[in-house]
Amino acid sequence: MLKRDIGLNTICTHSGAVEDVVYGGAVSPIYMSTSYDFIDKSTKRYPRYFNTPNQELLAKKIAALEAAEAGLIFSSGMAAISNVMLMALKSGDHAVIQNDIYGGTRNLIESHFKSYGIDYSFTKDLTSKSFKDCIKTNTKLIYIETPSNPMLKLVDIFAIAKLGKSKGILTAIDNTFATPVIQKPITLGVDIVIHSATKYFGGHSDITAGAVASSQKIVDKLWDLAKDFGGNLSDFSVWMLERSMKTLAIRVKAQQKNARKLARFLEKHAAVEAVYYPGLKSHPNHDLAKTQMRGYGAMLSFQLHENYPALSFLKSLILIKPNMSLAGVESTMIMPSKTSHALLSEADRKAQGISDQLIRFSVGIESKKDLIYDIKHALNVCKK
Ligand SMILES: *Cc1c(COP(=O)(O)O)cnc(C)c1O
């Protein structure tokens, strides 16, 4: 590697590649072996020890992207999240959790923490004060996710990191929606960054994976637990993920450029009552977005007028897929009330601003004019 600070796209393409010293091939060879020579070797390699050549080197790429000392690759985003939480929290400890978080994470906490003797509080809202108010003497972790799903609300990352530091509490962030292309929480003082690599890191809707980036000390502690829980990713998927990440920055930048234009288009359309996108001046956290994000991401939500029933709108789309999950190069839309937030009570959904007419839009890399045409056409078809 060059001995200087290298640019984002260079990190994406080159950091952590496994050099092909035998044949000089341009891409990383893939090591599928589950059995490695141990004689005179300082490292005992085994896939579940997270230390095969492909795993170790991809972890370095992710650490480099997040400006972290070290990283670890997991078999899913939830594997990464659960390992981090159970590393940070023991029986008798307490966690402060952002109210508006990914459904799987919420479920992990609400369904299992009690039986492990771990106490938790969900914040009232996303203000820093709300996090501070939840802190107890036994609080060991503050957990955030910004921008949030599906309302794209923001948490002040620097303020939360500072709060954690002042009380000696670990802070962790789910950075899936933003990616390190848009925000690098470690540089703002957060201790642990987590990703569902199933989303933008993979980017092509064909890999499930997770990742963690942090200090060497924390990653060592995490490894100690993770090797026993056994949530490593298969080396074939690790190799696929490394390939996908070479285009992470150019994909995310193209997607967010589209998202910004589509947010403006939707905001002006008579069928749309509200658009939730941090890049719009109307967004309540627009100024915060400017300070902690580089760009505004490629996720947005919008509220359709009642004359345009959300379900028939989705059924009328031709190009944009009404698919679960997000962040692929192809655009997708969902109704959070029927999918990601279907398990919440109607009152809880209402409290979060999630109506039956809300659509979450994961903007892809297609030509902007085709996306606009598709939306206009579907709105015409579904109009009552
Ligand atoms: C999808 C997602 C997860 C869970 O990741 P999996 O790879 O599905 O386990 C966690 N957080 C966010 C924000 C997500 O979008």
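Based on this model, can you work out whether Y276 counts as crowded, with 19+ Cβ neighbours inside 10 Å, more than 28 Å from H204 (Cα to Cα) and not acidic (D, E)?
When the stated conditions are applied, Y276 does not pass them.
Among the residues of the stretch 221-238, is there at least one that is surrounded by fewer than 16 Cβ atoms within 10 Å (Cβ to Cβ), on the phi > 0 side of the Ramachandran plot, in a loop (DSSP other than H, G, I, E, B) and within 16 Å of the ligand (Cβ to nearest atom)?
yes
Checking L288 against (1) in contact (Cβ under 8 Å) with a residue 60 or more places away in the chain; (2) assigned by TED's automatic domain parsing to the domain that holds S15, which single condition isn't satisfied?
For L288, the failing item is (2).
What number of residues within the stretch 203-220 satisfy the criterion of being surrounded by 18 or more Cβ atoms within 10 Å (Cβ to Cβ), farther than 20 Å from G295 by Cα and in contact with a helix residue (DSSP H, G or I) (Cβ under 7 Å, 6 or more places away or on another chain)?
Within the stretch 203-220, residues that are surrounded by 18 or more Cβ atoms within 10 Å (Cβ to Cβ), farther than 20 Å from G295 by Cα and in contact with a helix residue (DSSP H, G or I) (Cβ under 7 Å, 6 or more places away or on another chain) number 6.
Quick check: is even one residue across the stretch 144-153 within 16 Å of the ligand (Cβ to nearest atom) and either assigned by TED's automatic domain parsing to the domain that holds P336 or outside any loop (DSSP other than H, G, I, E, B) (or both)?
Checked against the condition, which is being within 16 Å of the ligand (Cβ to nearest atom) and either assigned by TED's automatic domain parsing to the domain that holds P336 or outside any loop (DSSP other than H, G, I, E, B) (or both), the stretch 144-153 yields at least one hit.
Scan the stretch 38-68 for residues that are at pLDDT 95 or above, surrounded by fewer than 16 Cβ atoms within 10 Å (Cβ to Cβ) and not in a helix (DSSP H, G or I) and jot them down.
If the condition is that a residue be at pLDDT 95 or above, surrounded by fewer than 16 Cβ atoms within 10 Å (Cβ to Cβ) and not in a helix (DSSP H, G or I), then A67 is the only one that fits.
When residues of the stretch 99-122 are filtered for being within 20 Å of P336 (Cβ to Cβ), assigned to a loop (DSSP other than H, G, I, E, B) and not aromatic (F, W, Y), how many remain?
The qualifying residues number 3.
Inspect all residues belonging to the stretch 346-357 and state whether any of them is hydroxyl-bearing (S, T, Y) and in contact (Cβ under 8 Å) with a residue 60 or more places away in the chain.
No, the stretch 346-357 contains no residue that is hydroxyl-bearing (S, T, Y) and in contact (Cβ under 8 Å) with a residue 60 or more places away in the chain.
(1) surrounded by 14 or more Cβ atoms within 10 Å (Cβ to Cβ); (2) away from the ligand (no atom under 16 Å from the Cβ): which one isn't true of K136, the others all being true?
It is condition (1) that K136 fails.
If you go through the stretch 8-37 one residue at a time, how many are assigned to a helix (DSSP H, G or I) and either in contact (Cβ under 8 Å) with a residue 12 or more places away in the chain or touching a Leu at 6+ places or on another chain (Cβ under 7 Å) (or both)?
Number satisfying all stated conditions: 6.
Enumerate the helices (runs of 4 or more DSSP H) found wholly within the stretch 286-384, keeping only those where 2 or more residues are modelled with pLDDT under 95.
Once the helices (runs of 4 or more DSSP H) in the stretch 286-384 are filtered for at least 2 residues that are modelled with pLDDT under 95, what remains is 346-351.
When you scan the stretch 55-71, do you find a residue that is within 30 Å of T339 (Cα to Cα), among the acidic types (D, E) and touching a residue at least 12 places away in the same chain (Cβ under 8 Å), even just one?
no
The values are calculated or read from the model by the stated rules, or taken from the named source; none is laboratory data. Everything numeric here is computed off the predicted structure, so don't read it as measured data. Positions of Cβ are generated from backbone atoms using ideal geometry, with glycine treated the same way; all protein chains shown enter the neighbour counts.
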